[in-house]
1. Report, by residue number, each residue of the range 252-273 that is in contact (Cβ under 8 Å) with a residue 24 or more places away in the chain and away from ligand 2 (no atom under 13 Å from the Cβ).
2. Identify, from the list THR227, THR204, THR253, the residue that is over 23 Å from ASN280 (Cβ atoms) and of a type in the set (S, T, N, Q).
3. Could you look through the range 13-49, keep only residues that are within 11 Å of ligand 1 (Cβ to nearest atom) and polar (S, T, N, Q), and pick out the one that is most open to solvent (accessible area, probe 1.4 Å)?
4. Being within 16 Å of ligand 2 (Cβ to nearest atom) and in a helix (DSSP H, G or I) is the filter here, so list the residues in the range 286-318 that pass it.
5. Are there any pairs with C-beta distances below 8 angstrom linking a residue in the range 187-199 that is in contact (Cβ under 8 Å) with a residue 40 or more places away in the chain to a residue that is open to solvent by less than 80 Å² (accessible area, probe 1.4 Å) and of a type in the set (Asp, Glu), with the two at least 6 apart or on different chains, and if so which?
6. Every residue in the range 182-199 that is touching a helix residue (DSSP H, G or I) at 6+ places or on another chain (Cβ under 8 Å) and within 21 Å of CYS17 (Cβ to Cβ), please.
Amino acid sequence: MVVLITGGAGYIGSHTCVELLQAGYEIIVLDNYRNSHPESLKRVEQITGRGFKVYRGDLLDEKSIEKVFIENNIEAVIHFAGLKAVGESVQIPLMYYECNINGTIKLCNVMKKYNVKNLVFSSSATVYGVPERIPISEDAALEAQSPYGRTKQMIEEILRDLYVSDQEWSIALLRYFNPIGAHESGLIGEAPNGIPNNLMPYITQVAIGKLKVLNIFGNKYPTKDGTGVRDYIHVVDLAKGHLKALEKVSSATGVEAYNLGTGKGYSVLEIVEAFEKAANIKIPYRIVEPRKGDIAICYADPSKARRELGWTAEKEIEEMCMDSWRWQSRNPNGYVEDSIVLQ
Ligand code: NAD
Ligand code: UDP
């Protein structure tokens, strides 16, 4: 099967490319490298020993999407491409709405034109907003709290409308919880631009000495130790969930949302401790004011994905920390040339 991966050079996309290639799929990547580097795709080839076509192009340019469909016999699409920083989305909401929503509409227009109606979409647990109940199941109310989250919520609705209009579509809306970790090779991983917003890349940059101290956003939440609780999932487990979703959309029409999480919650302090053990490095931290818009606790009820996709996350927090650390320590500058430290 030939699968188009939009945003395939990014963090989750590159890991999914590896799993797809290793499972025998033919893949084609479309990415504008706005938040990634072509080197990640070279590393995907290195890990898998398989080549694939890459198109540099923007989803906002319908012609460049169409070129990919004209030149290849695409059968399904996994759609990762988009902007993803919550804080930035508050600063530049129009760019987020334009890129995420218009980009998806243009992609779907081209898919429709070429009669490709199997789609796996990267949604996010952020669509739930402040959850009423924990663990969160897919039927919980959707109340995204940021422009970024609202783009995901709106796209989900657009894709549901698309299915209502034409029941040949088959769409999986994958609501990711908190992906961390990296491929065990240490060759691909998360390479954020500038100072990381997310916890794990911040911790790993403190560990290599790029940042001095971890700021923990509040310790007065109603949680086991007062710090925020999240459902951290190994990015390779997450990538494998896409293969299961692809099988599902290839075998039945409809539109379904699935939580991709482990179902377990870890506090910030537990993550710091797990990382310190895995890397054998002390992480200096200080407690600062809570981050605006943060919620206390968020973890998934992943039973629908287990039941309907046959998917369960397998990797534990120790492996997530070890793999994050291997990636960061061997690539202190991410994908910047010659940054890999050979051991
Ligand atoms: P990423 O930024 O590493 O990857 C996104 C990729 O899309 C990048 O390679 C970027 O260059 C590309 N891209 C962005 N806009 C594009 C455009 N207009 N045209 C073509 N390419 C474009 O992000 P990621 O962490 O791999 O996330 C992938 C998807 O999963 C995103 O849609 C994100 O919103 C969603 N998601 C991520 C997380 C997370 O914590 N990483 C959580 C929930 C959902
Ligand atoms: N967090 C923190 N310091 C940081 C980054 C994050 O204390 O520098 C906390 C944050 O308040 C939350 C958890 O770590 O409780 C996970 O945050 P992240 O931004 O990684 O994910 P999200 O909040 O989007 O779930």
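1. Just the residues of the range 252-273 that are in contact (Cβ under 8 Å) with a residue 24 or more places away in the chain, to begin with: 252-272.
Within the range 252-273, ALA252, THR253, GLY254, VAL255, GLU256, ALA257, TYR258, ASN259, LEU260, THR262, GLY263, LYS264 meet the criteria.
2. Details: THR227 fails: over 23 Å from ASN280 (Cβ atoms); THR204 fails: over 23 Å from ASN280 (Cβ atoms).
Just one listed residue meets the conditions, THR253.
3. My answer is ASN35.
4. ILE317
5. Listed pairs, sorted by first residue: GLY189/ASP323.
6. ALA182, HIS183, GLU184, SER185, GLY186, LEU187, ILE188, GLY189, GLU190, ALA191, PRO192, listed by residue number.
Table: residues versus (1) surrounded by 23 or more Cβ atoms within 10 Å (Cβ to Cβ); (2) assigned to a helix (DSSP H, G or I); (3) under 19 Å from the mean Cα position of the chain (by Cα).
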residue: GLY226; (1), (2), (3): no, no, no
residue: ILE233; (1), (2), (3): yes, no, yes
residue: ASP237; (1), (2), (3): no, yes, yes
residue: THR262; (1), (2), (3): yes, no, yes
residue: GLU270; (1), (2), (3): no, yes, no
residue: GLU273; (1), (2), (3): no, yes, no
residue: ALA278; (1), (2), (3): no, yes, no
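Conditions tested, residue by residue: (1) aromatic (Phe, Trp, Tyr); (2) away from ligand 2 (no atom under 16 Å from the Cβ); (3) more than 17 Å from SER185 (Cα to Cα).
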residue	(1), (2), (3)
TYR11	yes, no, no
THR16	no, yes, no
TYR25	yes, yes, yes
ARG34	no, yes, yes
GLU39	no, yes, no
GLY49	no, yes, no
LYS63	no, yes, yes
GLU66	no, yes, yes
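The values are calculated or read from the model by the stated rules, or taken from the named source; none is laboratory data. Because the structure is predicted, anything quoted here is derived from the model rather than measured. Cβ sites come from the backbone with ideal geometry, for glycine too, and all protein chains shown count toward neighbours. Accessible surface areas use protein heavy atoms only, side chains included; no ligands, DNA or RNA. Shrake-Rupley method; radii C 1.70, N 1.55, O 1.52, S 1.80 Å.
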